[in-house]
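So the structure is just underneath, and the comments pick up after that.
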Amino acid sequence: MASAAVRSLETLLQTRNLGSALPAMAAPPRRLATGWLAVDHRLGGGWSLGALSEVVGASSSGRTHLLLATLAQATRQGQVVALVDALDRFDPATAAAAGVCLDRVLWVRGAPVMVEQARPGVIEQAVKQAVRAGDQILRAGGFAVVALDLRDIPARCLQALPSITWLRLAQVVEPQDTVALLLADAPVGRSARGVSVLLEGRAVWQGDQVQSRRLAGFQPSWVVRSATGVTTGEASRRTAWEGAC
Amino acid sequence: MLIACLVYDAADPPAPHGAIEQVARAVSPRVTPCGRAAVVCDVSGLGRVCGPPAVVAREVLAQAAAAGLPVRLALAGTMTTAWVLAHARAGLTLGAVGTDAAMLAPLPLTHLLAITELDRHVAGVRRHTEAAVAIRTAADHRPVRRSSKSGGGSPGTSTPGDASFRSYRDRLATLERWGIDTCGALAALSRADVRARLGASGVRLHQAACGEDVVPLVPIAQAREFVDRIELEWPIEGLEPLSFVLARQCDRLARHLEQADRGAVAIRTTLTLTTRAHHVRTLALPAPIRDAKVLRTLILLDLESHPPDAGIDVVDLQLDVVPGRIVQGSLLARATPSPERVSTLLARLTALCGEGRVGSPVVLDTHDGRACGLAPFLPPSSGSTVTEPILAAEAREAMQSAAMTGFSTVTEPILAAEAGPGERAPVPAHLRRWRRPRPVQVEVARGRPAQVAWFTPHDRAMAVRACAGPWRTSGAWWDTDAAATWDRDEWDVELADGLVYRLARHRGTGAWEAEGVFD
């Protein structure tokens, strides 16, 4: 009886051209692999195209690795990507070593501001400039990934932006085959189809001897938040993010 | 066919640029300019308009006289004959079709050296034509600066250093030793015998002595200039009213570009101001463009960043052009942003962020890790893909090598990319570099950093949990600029808060600074 009612409701929605409202009938979201296999596994194949997603975490948690892996994945497929670097902290040599084809990257460099020593208003100006640049790149279209790097920017500066800002960015990216990525220290905003990847990590050192020791990388843990729920990555711990999100 | 060769007949002053060509174009549409001082043109059809060759020659000389140019003129049945005669004899030399060998016969052999320059120009024209075809058919169109020297066949005079000139001179010396001192005597020889004794250069000389062309005359179309000028009745203040003026000009220029199948690769905007000063801006475009709206937007965005100081009286636009683009998109590859869109986007971003802040990152050829550069962003055409996983292939190769030798040369990103979802491999640490390094105070114990204190009041000193280093790096010590040299020890340091920094100690001063954080 219930199924018949559901069917009739679906038929009614379709006759009114509202069929896309039915989740079962909506086309499966197209995705762009992050290049980090474990995260791809959790995301169901990668970032959703046409969505605003975010990568969140403290420094030394693996955020840059996730960003560079995504850029490398896209550029190796022959696509072009854009990186809006609000504080001008991108290192091209590191990116090239991570497999990013640099000639397919549009790099927008913000002001090289030291957050701790910046005069009042300078960081706010840098944030506005970065958001406007990201908006213009998204509107131009044709980029596989548009990353807006707002890391190391104090939360108060991001909170000073109107909340409609992120909604507008999400609307711009929605009809496009583009992944819009926000990178920040704390959750900022994502679209309904986007995800928040919350990262934590600890440094891993190799070498027993003092002379041979070197930084091997980070052992990350992550929480993926989306509109449909929360999935956790390997070795994840319940952290402050659980409350923050 | 009747060919005319017009040569500037004065050593000083040099021929004005394009003047001889203008004289030739006044009488014939089929013209091949050969440098500034000579031109070859086809005057075959003029017999019906002007009369016999003598009348045609008088017309040409009258045009040259009107332009104030002292010239030599030769009319003959072939390009080679006309060229040699014009260079050998002053004034007017008239020949008839079919009498080329007879016309050249009394000339001394040394006059044949003049064909060196003709051959070079002809080869240059051929290369220019082939290059134009190549540009039109290329899939990936990059802005190509138009050069006054086309295709390597640069006009100029033959010098004794030229290989072909030396070759001809040697062959002619040989012929003179054999007692052959006129073109007629050379033409009387068997070409097969000349080839057997003097090779290809000897054959070319024999052809010239007979008045034969190697290739037919290839006319070069007159270079068309894409300029537009508007003199305003009233001065314009501000960019908004200027946009309407620019719209008209760009529409006209775009129409001309469309007709000529050309695209603009550079826009030169010259604004004559009410102060009689000229405000000149030049925009280089990443790809040939002929969309009027895009051109106007680019000019306006550039002028927004660099506005004129006073009201505008005259607006001049000049375009550098290349052949139009032929784009063959791929059905299967993802479309990349179109060049028009990229140009507009870059102009907008440059207006927003400033000059030198937008482009493609470049790794500079230096061991100084802090150095980086920015190149113009020129997205490759859609469909061009990067060779798939170069890194993965390199990784496998390196892993095999490591297994055999016991030494691993695999970089960390590659290892992480190869790790599966169930593996617990650490992800590589990437440096986020601070463009302005932050001075820090470091307490050293047993030769290694033990405590780091920032020079800010709210940051307290933190103990070092782990560190690696030092990695000594130095360079540019040969440079006279002391600021360019570097000599420092680098450390990777994990502090008590779990963050990992890159610290550097300048060996000269002993000062420490934090260069960035690993993420």
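Nothing in this text is a laboratory measurement; each read-out follows from the coordinates by a stated rule. This is a predicted model, so every value here is computed, not measured. Every residue, glycine as well, gets a Cβ built from its backbone with ideal geometry; the counts of neighbours run over all protein chains shown.
Pick out, in residue order, every one of the GluC sites (Glu not before Pro) in the stretch B:155-250 that is DSSP loop and has at most 11 other C-beta atoms within 10 Å; say none if there are none.
Details: sites: B:176, B:212, B:225, B:231, B:233, B:237; in loops: B:212, B:225, B:237.
Sites meeting the loop and neighbour criteria: B:225.
Given H placed 1.01 Å from N in the peptide plane, which residues other than close sequence neighbours of residue B:34 have an amide H under 5 Å from its amide H?
Amide H to amide H, under 5 Å and 5 or more residues apart or across chains, residue B:34 pairs with B:39, B:40.
Given points 7 Å out from each Cα along the Cα-Cβ axis, report the residue B:454 to residue B:243 separation in nanometres with one decimal.
Modelled inter-label distance: 4.4 nm.
How large is the charge dipole for the stretch B:226-323, taken about the Cα centre, if only the Cβ atoms of Lys, Arg (+1) and Asp, Glu (-1) carry charge, to the nearest 20 debye? Write out the running numbers ahead of the final one.
Details: 11 positive and 15 negative charges, 58 e Å.
Dipole size: approximately 280 debye.
Near the amide H of residue B:263, under 5 Å away, which other amide H atoms are found, from residues 5 or more places off or on another chain, if H is placed in the peptide plane?
B:322, B:324
Give me A:106, A:9, B:346 ranked fewest to most by other Cβ atoms within 10 Å of their Cβ, as a rough exposure proxy. Spell out each step's value before the answer.
Working: A:106 25, A:9 11, B:346 22.
Ascending number of Cβ neighbours within 10 Å: A:9, B:346, A:106.
What's the exposure ranking of A:157, B:250, going from fewest to most Cβ atoms within 10 Å?
On the way: A:157 20, B:250 27.
Lowest to highest Cβ neighbour count: A:157, B:250.
In whole Hz, what ³J(HN,Hα) sequence does the stretch B:363-372 give by Karplus (6.51, -1.76, 1.60; θ = phi - 60°), x for Gly and Pro?
Whole-Hz 3J(HN,Hα) from phi for the stretch B:363-372: 8, 7, 7, 8, 8, 7, x, 7, 6, 8.
Rounded, prolate or oblate: which fits the stretch B:437-486 when a ≥ b ≥ c are the square roots of the eigenvalues of the alpha-carbon gyration tensor, with rounded for a/c under 1.5 and prolate only if a/b beats b/c? Mind dumping the intermediate values first?
Numbers: a/c = 3.83, a/b = 1.70, b/c = 2.25.
Since a/c reaches 1.5 but b/c is at least a/b, the shape of the stretch B:437-486 is classed as oblate.
Once you have the Cα-Cα distance between residue B:225 and residue B:102, take 0.36 nm times their residue separation minus that, and quote the gain in nm to one decimal.
On the way: separation 123, 0.36 × 123 = 44.28 nm, distance 4.31 nm.
Additional length available on full extension: 40.0 nm.
At 37 °C and a viscosity of 0.692 mPa s, what translational diffusion coefficient does Stokes-Einstein give for chain A, taking Rh as the Kirkwood radius over Cα pairs? Give it in µm²/s as a whole number. Kindly include the intermediate steps, with their values, before the conclusion.
Working: Rh = 19.3 Å.
Here the translational diffusion coefficient equals 170 µm²/s.
Remind me, relative contact order of the stretch A:27-196 in percent, using alpha carbon pairs under 8 angstrom and six or more residues apart? Could you put the intermediate results ahead of the total?
Working: 322 pairs, mean separation 57.0, N = 170.
Result for the stretch A:27-196 is 34 percent.
Among all stretches of chain A without exposed trypsin sites (Lys or Arg not before Pro) (DSSP loop, at most 10 other Cβ atoms within 10 Å), which one is longest?
Values: sites that count: A:16, A:237, A:238.
In short, A:17-236.
Once you sort the root eigenvalues of the Cα gyration tensor of the stretch B:226-323 as a ≥ b ≥ c, which label holds: rounded (a/c under 1.5), prolate (a/b larger than b/c) or oblate (the other case)?
Working: a/c = 2.03, a/b = 1.75, b/c = 1.16.
In terms of gyration-tensor shape, prolate.
Along Cα→Cβ, 7 Å out, is where each label goes; now give me the distance between the ones at residue B:166 and residue B:17 in nm to one decimal.
Between residue B:166 and residue B:17, the label points sit 3.2 nm apart.
How large is ³J(HN,Hα) for each residue in the stretch B:200-217, as worked out from phi by the Karplus curve 6.51 cos²θ - 1.76 cosθ + 1.60 (θ = phi - 60°), to whole Hz, x for Gly and Pro?
Working through the residues one at a time gives 5, 5, x, 5, 4, 5, 5, 4, 5, 5, 7, x, 9, 8, 7, 10, x, 5 Hz.
Defining a contact as two alpha carbons under 8 Å apart and six or more residues distant in sequence, what relative contact order in percent does the stretch B:431-518 show?
Over the stretch B:431-518, the number comes to 29 percent.
Output ³J(HN,Hα) for the stretch B:74-87: one whole-Hz value per residue in order, computed from phi by the Karplus curve 6.51 cos²θ - 1.76 cosθ + 1.60 with θ = phi - 60°, and x for Gly and Pro.
9, 10, 8, x, 10, 5, 5, 4, 4, 5, 5, 5, 5, 7
May I have the extent of the alpha carbons of the stretch B:207-265 along their three principal axes, as whole Å values ordered from largest to smallest?
68, 21, 16 Å, listed from the longest principal axis down.
Can I get the semi-axes of the stretch B:1-87's equivalent ellipsoid? Compute them from the C-alpha gyration tensor as square roots of 5 times the eigenvalues, in angstrom, largest first. Don't jump to the answer; show the numbers that get you there.
Working: eigenvalues 75, 37, 24 Å².
Values for the stretch B:1-87, descending: 19, 14, 11 Å.
What residues have an amide H closer than 5 Å to that of residue A:107, excluding those fewer than 5 places away on the same chain, when H is modeled at 1.01 Å from N in the peptide plane?
A:83, B:359, B:360
Quick check on the exposure proxy: order A:61, A:221 from fewest to most C-beta atoms within 10 angstrom. Working shown, then result.
Working: A:61 25, A:221 20.
Going from least to most buried by this count: A:221, A:61.
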